[in-house]
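Engineer: There's a structure below that I have some questions on.
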Protein chains: 2
Amino acid sequence: MMPKHAKEMGILKEHLGKHQLKFTRQRELILDAFLKQEHITAEAMYHQLARKDPHLGLATIYRTLNLFCEAGLAQARHFGTQTQYDNISHKGHHDHLICTGCGKIVEFENCDIERLQEEVASQNGFTIQTHRLELYGLCSRCRH
Amino acid sequence: MMPKHAKEMGILKEHLGKHQLKFTRQRELILDAFLKQEHITAEAMYHQLARKDPHLGLATIYRTLNLFCEAGLAQARHFGTQTQYDNISHKGHHDHLICTGCGKIVEFENCDIERLQEEVASQNGFTIQTHRLELYGLCSRCRH
DNA sequence: TTGAAATTGATAAACTGTATCAAAAAGGAT
DNA sequence: ATCCTTTTTGATACAGTTTATCAATTTCAA
């Protein structure tokens, strides 16, 4: 049977090999947990993994998630006061309309905007990995 | 002669009135300094205002900038390890291209994207007050 | 002018993430 | 399997940013 997350495990091992780093039980455990979610914080993962390995340290989680970023498996984003580590292999990206009156959030997707984003990026020599678009305003109910 | 920032001062006073808050010398001073810039951190403003009022406390700056956010005059954006307070009355809103490799930030503006955002918003019955667009990727140097 | 309520400044505390370092583990050579 | 060098780990100290605390001060309506 095919092991879970074989592709990502391969990417990680290749990165480790190229940089004289070692494959450890902790890195395997954290990768496995990481790939099951769209995004997670170090703190959340710490508590989540505490049951499987009570001695796994928080510093190790941070170090490993940062390692995943370097390997191209994850991406760090500052959200609120914490850092979210996004699972890059997860594709379905959506943007948000947020009502500043009542807090209502509407998700949307717009291909034209995405295309223009690519355009802007390439004009500046960038290759986009992901993006974040939030529109803040008043919904029809709160406008009155 | 028209006082500087009369409109924003009015918005602030209205907010204060609605919430039983008071108009103070410090709030006026901080608003005045805030409106002169596109975005600033609390720490930067603290140093900037130290000459005008050496006894102005850092906590007051934080409290006041957060108050501006609640009044709709500012918007907090977490950038790296610090919080940037954006002046949303500033029309030339700029978005950011952020390199996940080296952290380089390129500012840009794109009218077509803004127009499409308006379109999406109105389709959903929203009136946009402000927005946030961040594109994450690799700059030309980091791609190699 | 008075007095209740809000604000301020100074600083302690909380929070997130990184640095340190002795002990343990990995993995190639033997 | 054993040895040996290098890397990693876990525990915790530390650094940087933001918030909480609280006595003294200021605001503003009566």
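Computed from the coordinates by the stated procedures, all read-outs in this text should not be read as laboratory data. This one's a predicted model, so the numbers in the text were calculated from it and none came from an experiment. Virtual Cβ from ideal backbone geometry, glycine too; neighbours counted across all protein chains shown.
Engineer: Would you count, across chain A, every pair of lysines whose alpha carbons are under 15 angstrom apart, provided the pair is eight or more residues apart or spans two chains?
Structural biologist: Working: A:4/A:13; A:4/A:36; A:7/A:36; A:13/A:22; A:36/A:91.
Lysine pairs meeting the criterion: 5.
Engineer: Mind checking the dipole of the protein assembly as shown: about its Cα centre, +1 per Lys or Arg Cβ, -1 per Asp or Glu Cβ, Debye to the nearest 20?
Structural biologist: Working: 36 positive and 34 negative charges, 193 e Å.
About 920 debye.
Engineer: What percent antiparallel are the DSSP beta bridges of the protein assembly as shown, to the nearest 5? Mind dumping the intermediate values first?
Structural biologist: On the way: 36 of 44 bridges.
Just about 80 percent of them are antiparallel.
Engineer: When a/c is below 1.5 the answer is rounded, else prolate if a/b is larger than b/c, else oblate, so apply that to the protein assembly as shown with a ≥ b ≥ c taken from the square roots of the Cα gyration tensor eigenvalues. Please report the intermediate quantities before stating the final value.
Structural biologist: Numbers: a/c = 2.07, a/b = 1.67, b/c = 1.24.
Verdict is prolate for the protein assembly as shown.
Engineer: Would you calculate a helix-derived [θ] at 222 nm for chain A, using -39,500 (n - 2.57) for each DSSP H run of n ≥ 4 and dividing by the full residue count, to the nearest 500? Mind dumping the intermediate values first?
Structural biologist: On the way: 6 runs with 63 residues, N = 144.
Here the helix-only value at 222 nm equals -13000 deg cm²/dmol.
Engineer: What dipole magnitude, in Debye to the nearest 20, does the range B:87-130 give about its Cα centre under +1 on Lys/Arg Cβ and -1 on Asp/Glu Cβ?
Structural biologist: Working: 3 positive and 7 negative charges, 31 e Å.
That gives the range B:87-130 a dipole magnitude of about 140 debye.
Engineer: Under unit Cβ charges (Lys, Arg +1; Asp, Glu -1), what dipole magnitude, rounded to 20 debye, does chain A have relative to its Cα centre? Could the numbers behind the result be given before it?
Structural biologist: Details: 18 positive and 17 negative charges, 115 e Å.
In debye, rounded to 20, chain A gives about 560.
Engineer: If all Cα-Cα distances of the range B:42-144 are sorted into 10 Å bins from 0 onward, what percent lands in each bin, rounded to whole numbers?
Structural biologist: Using 10 Å bins, I get a P(r) of 12, 32, 32, 18, 5, 0 for the range B:42-144.
Engineer: While we're here: Exposure proxy check: A:126, A:34 ranked by fewest other beta carbons within 10 Å?
Structural biologist: Values: A:126 26, A:34 22.
Listing A:126, A:34 from fewest to most nearby Cβ atoms yields A:34, A:126.
Engineer: Hey, if you put +1 on the Cβ of every Lys and Arg and -1 on every Asp and Glu Cβ in chain A, which of A:116, A:127, A:54 ends up farthest toward the positive end of that dipole?
Structural biologist: A:54
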